[in-house]
1. From Cα pairs below 8 angstrom and at least 6 apart in sequence, can you work out the relative contact order of region B:547-640, rounded to a whole percent?
2. Dipole of the protein assembly as shown (Lys/Arg Cβ +1, Asp/Glu Cβ -1, origin at the Cα centre): which of A:Ile240, B:Pro589, B:Ala176 lies farthest to the positive side?
3. For region B:68-125 and region B:148-214, write down the distance between their C-alpha centroids in whole Å.
4. Quick one: which residues, 5 or more positions from A:Asp244 or on another chain, have an amide H under 5 Å from its amide H? H modelled 1.01 Å from N in the peptide plane, none for Pro or chain starts.
5. If you filter region B:57-155 for trypsin sites (Lys or Arg not before Pro), then keep DSSP loop positions with at most 11 other Cβ within 10 Å, what is left?
6. Label the protein assembly as shown by shape, choosing from rounded, prolate and oblate, from the square roots a ≥ b ≥ c of the eigenvalues of the Cα gyration tensor; if a/c is under 1.5 it is rounded, and otherwise prolate applies when a/b is larger than b/c, oblate when it is not.
7. With the dipole of the protein assembly as shown worked out from charges on the C-beta (+1 for Lys and Arg, -1 for Asp and Glu) around the Cα centre, which of B:Tyr431, B:Ile375, B:Gly223 lies farthest toward the positive end?
8. Once you order the gyration tensor axes a ≥ b ≥ c over the Cα atoms, which shape class does region B:547-640 get: rounded for a/c under 1.5, otherwise prolate or oblate by comparing a/b with b/c?
Amino acid sequence: MSVKPADSGEISGAARGALLELVKVTKQFGGLMAVQDVDLQVRPREIFSIIGPNGAGKTTVFNLITGIYRPTSGDIRFDGKSIVGLSADRIVSSGISRTFQNIRLFNNMTVLENVLVGQHTQLKAGVFGTLFRSRGFKREEEAARERAIELLSFFGRALVERQEEYVINLSYADKRRVEIARALAARPKLLLLDEPTAGMNEAETAEAVRYVRRLRDELGLTILLIEHKLMVTMGISDRIAVLDYGRKIAEGLPEEVRRDERVIAAYLGKPTRNEQATMDEKAAVDESATE
Amino acid sequence: MSTSVSSGMLLPTPDTRRLLIKWVVALIVPVVVFTLWSGESIINAVISPATAAGNVPTDPVSLIEAAIFTVVFYIAVLLLAGYLVAADTGRRSIIETWADVLIFAVVPLILIILFGLIIGLALCAIVWPLYILIKNQIRKARHYTPPAPLESLTVIDAEQRAILAGRATAGSFWFALAFAVISLVVDLVYFFSGSLPVILLIWAIVRTIILPVAGYFLGRLAGQIALRRTIPEKGNGNGGNGAHRGKRVASVQQQLEALSTTRVREEAKDLVPNDLPLRSSGAQRFYLILLVAFVLFYPVLDPFLFGSGTDGRLAGYGDAGYYVILALGLNIVVGFAGLLDLGYVAFFAIGSYAWGMIGSTQFGYITGIHVNPQIWPWFFWPMILGAALIAALWGVLLGAPTLRLRGDYLAIVTLGFGEIVPIVFLEMDKYTNGTNGIVGVYSPALPGVDWSSSTPYYYLILALIVLVIFANVRLRDSRLGRAWIAIREDEIAAESSGVNLVRTKLFAFAAGAFFSGIAGAYHAAKLGSVSPDNFSFGDSVIYLAMVVIGGIGSIPGVIVGALAVYAINVLILAQLDSLAANPNNFLYPVHNAIAAVFPGFTFGNIRNLIFGVILVIIMIYRPEGLIPSARRKRELRHAEGDEAVEIGSLDVPPGAPGFEDEVRVE
């Protein structure tokens, strides 16, 4: 698979180069069409954002990709292979990791332990190795700890120093970082970030934007992003898809999406900046069906 | 006496003198109590078996074991004295230390002397929380705040190291001397009252000379042990420019070399010197030595400690032991993986029947194979593993249908299994002999061991418990254990981190069942019979109570929980009636008074009521269990907000109502 930069607004026929591809994916909860005929192509090393008003089905799309839900119809391909019907942990092993909108860390485990759980798919120790503390087991645990610290150091010194802290004691921004470190621990190719700046102040948001970029540039990850803050999405994304009532109503470069009339009508209301910001703040929570 | 060994080190400076008084007094009281109670009689029996009391063992093997225990005991205590003097910063008050030692060492000793081991310890479980409660009340009333924690690690330079070493030597020496003098006085009193044989008087004199010398050398050793827990000065010596002398702060770099900030704080508790040396892991090492020596030599010591009836007591501890294994096994399922299992007794029954059906003439009856009673008991050893594996297999089979269930629903289904399995054994009477059960189950076989006494079972269960604890600890601190805790914390996050829910849960069920299979095989062999009514829903609840009372997810906790519940339920409540029948017991008038109002009253009638009330009281005052795991403690205490949360972090945990609003406000 060649790594090519996301260069144009060309949308159709991009399937060949796509790392992740959704084909006519539909999810129905009883009578409610949460997601309807959504097509998406995410290319390698691209930062791709999904935006849309509340209840548009953004988080549902994430849950479909990561195997928490099974699509009612349609196909999801990753790296050319269909991942529909695989269990969530198999999908993680195939190379997709995620974070959650309302942070799902293991609160009564330490920072380090959280990242170690993230490495679960990478570790191989069996019952006998564990019970007899075989040399392989020790080496593996040692390496896992080192790697966990390395992952934490991606976010600077602060988390490394607090590695023994229970995560519940961390600040909100630090929890987000630990969650990303945990996701990275599984060595993903594709990282799904569900509102990575929710609940952050401006300085923290700016920092989050920086590290999301670094994730792509330094680690070579492909990133699929749900984001409410338009400032973040517009600044960071290579391409954006807009969902409304479970349907994709637009897709393209940030500039194109910003000018798209359907988008303005459905999501932004009126095209003035102030109004956008207000919308943004009032945006209540996308119904997180994972609860 | 002191002048003969004295050196500069042994004549304490005023600083050291305070520490010496503090620790010599603190330690000498429990040691003297123990010595007067039994230590002395053990030594006397070893030195002149002829003068020993009637019921104590006089065979050489027992005496040698008893002697080893005594030597280990006094050496450990002397070392501990030196270590504590060296490890104390002296910032906590003397009275507080004395009160702690009184409650945590002297009171248990006295309770054990009065009521026996298990009941004594069970009473301690009541006294200790009360003491802590009262202590906190007093502190609050007097507005006492403990000294602020040492916020940084201090480097100990060569000069201070010499002082610490000197303190340790002085600590052990003065302690030994004080102890020798007290013992000598007591012995002289006995001698002049004519009840001390001459040989023991000679020993008393020898001892008075040996002890201080031993104290001096053991003190030096204790000093070396203590110094290993200090932070030595780095060679270049540029550590403290301008810092006040003798209290140089370890450089930040040094602190963070291998440690995170949290760990620095944790580590500081164990370093020498620190504020609470009694609780430091250095001191814990000595407690462990004492505990291991005590448990290992217990069958020999028992007659010295508690007089006649040793075999019956050991049988009781053999039973308490399999409760410990069951609690540890259930702790994996409930404590680590968070799967509420109300039918755990099913696996215990399967393990019991596994050995019951194979290790008895029933096997020949079923299969037609001739069961040779000379050979058959040997199969116990492979079958203890076999029974565990069979139970584990059933753990997987019974666990499979419950995988999609959580919490209450899971509990109901496991409850069903707990009911079904004993009924199956009851109804398969062609193989299991139905209601009568299987009798004549073989004991294990081992050359030269007499399995008709309780001692071999004591050692067998001890070995099994050690193995099970070992396996538990290793599983917990591994990838598998982390996966269990992760699914307990958050299933969705766990599977999104790559944890296979099916495999992890089934493994938890299998591991839990495996250990109960071990307990089952042991139980069948010890009891010599198996019958379906040994396994009721009530038993499952008792096992769960052990885990919860001890501390969910905490390995030391569930061990204590198992012993506590066993003591309350089997040793205390079951014997209330026989105690009340004795006119000298304080329960006798109580029973008569109640029986006057309610004719026909027995304590047996309200046994479960009392047990229930005790459980409720424990859960109200100690919801996290007797020895909570660090995680669990956090979990339950967090709500009270005594945990420092960083400014800027949100108070509302994710998922709680109100969280979303809070997150949205920007």
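1. 42
2. B:Ala176
3. Spelled out, the Cα-based centre of one part sits 16 Å from the other.
4. Excluding prolines and chain starts, which carry no amide H, the hits are A:Ile249.
5. Working: sites: B:Arg91, B:Arg92, B:Lys135, B:Arg139, B:Lys140, B:Arg142; in loops: B:Arg91, B:Arg92, B:Arg142.
Listed in order of number, the matching sites are B:Arg142.
6. On the way: a/c = 2.43, a/b = 1.51, b/c = 1.61.
Cα axes put the protein assembly as shown in the oblate bin.
7. Result: B:Gly223, furthest along the dipole toward the positive end.
8. Numbers: a/c = 3.88, a/b = 2.52, b/c = 1.54.
Cα axes put region B:547-640 in the prolate bin.
Laboratory data are not the source of any read-out in this text; all were calculated from the coordinates shown. If you're wondering where the values come from, they're calculated on a predicted model, not measured in any experiment. No Cβ is skipped: glycine too gets one built from the backbone with ideal geometry, and neighbour counts run over all protein chains shown.
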